[in-house]
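J.: Here it is, the structure, as structure tokens.
No lab work stands behind these numbers, since they all come straight from the coordinates. Nothing here was measured: the structure is a model prediction, and the numbers come from that model. Virtual Cβ from ideal backbone geometry, glycine too; neighbours counted across all protein chains shown.
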Amino acid sequence: MRSIFFAFLITAIFFIAGCTKNACSNAEAAFPGTWVIADDAPGRQPADTLHFFRKNGKNVIAFYSAGSPGPNWPSQTETEYKFENGKLLYKDYSGTSADFFTVDSFEWVTAEKKFSVKLYQILLYMSADYRVTYQKVP
């Protein structure tokens, strides 16, 4: 009886772990492409469009970043990203660290189609302490 229970328990653990892994893989696979701020006004604004793609075997995010993190920085940012435990992470593009920065405010609005974040966690503008919603361009 114990061996049947133990076999059932092991199977259940593998099933749950497999589903969790697949869910994360599907979410990460949803990122590649172009994402724009929903209902954004016309014109080019910093981080109004995010491009997620693969480059040299790594996941990369690129966006217009004029003025972020300061006035003499390049106006185009390109840095590595990953998606773990339901959160978006990217390498610090300011050059102050080689670590990944966690976008704690990341939330799916519509799974794999729309997400929201506090803009300062993308742009590194202290004054951008408000939430924006990105939607994937088909």
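J.: Can you tell me which condition VAL117 does not meet? The list is (1) crowded, with 17+ Cβ neighbours inside 10 Å; (2) touching a Gly at 6+ places or on another chain (Cβ under 9 Å), and all the others hold.
T.: For VAL117, the exception is condition (2).
J.: Scan the range 90-109 and tell me whether some residue there is on the phi > 0 side of the Ramachandran plot and in contact (Cβ under 8 Å) with a residue 12 or more places away in the chain.
T.: no
J.: In addition: On the given criteria, is THR96 surrounded by 15 or more Cβ atoms within 10 Å (Cβ to Cβ), among the β-branched types (Val, Ile, Thr) and more than 18 Å from GLN135 (Cβ to Cβ)?
T.: So THR96 does not fit the description; no.
Let's see how each residue does on (1) of a type outside the set (Phe, Trp, Tyr); (2) surrounded by fewer than 11 Cβ atoms within 10 Å (Cβ to Cβ); (3) out of contact with any Phe, Trp or Tyr (no Cβ under 9 Å at 6 or more places or on another chain); (4) under 16 Å from GLN45 (Cβ atoms):
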site	(1), (2), (3), (4)
ALA62	yes, no, no, yes
GLU78	yes, no, no, no
LYS87	yes, no, no, no
ASP92	yes, no, no, no
LYS113	yes, no, yes, no
MET126	yes, yes, no, no
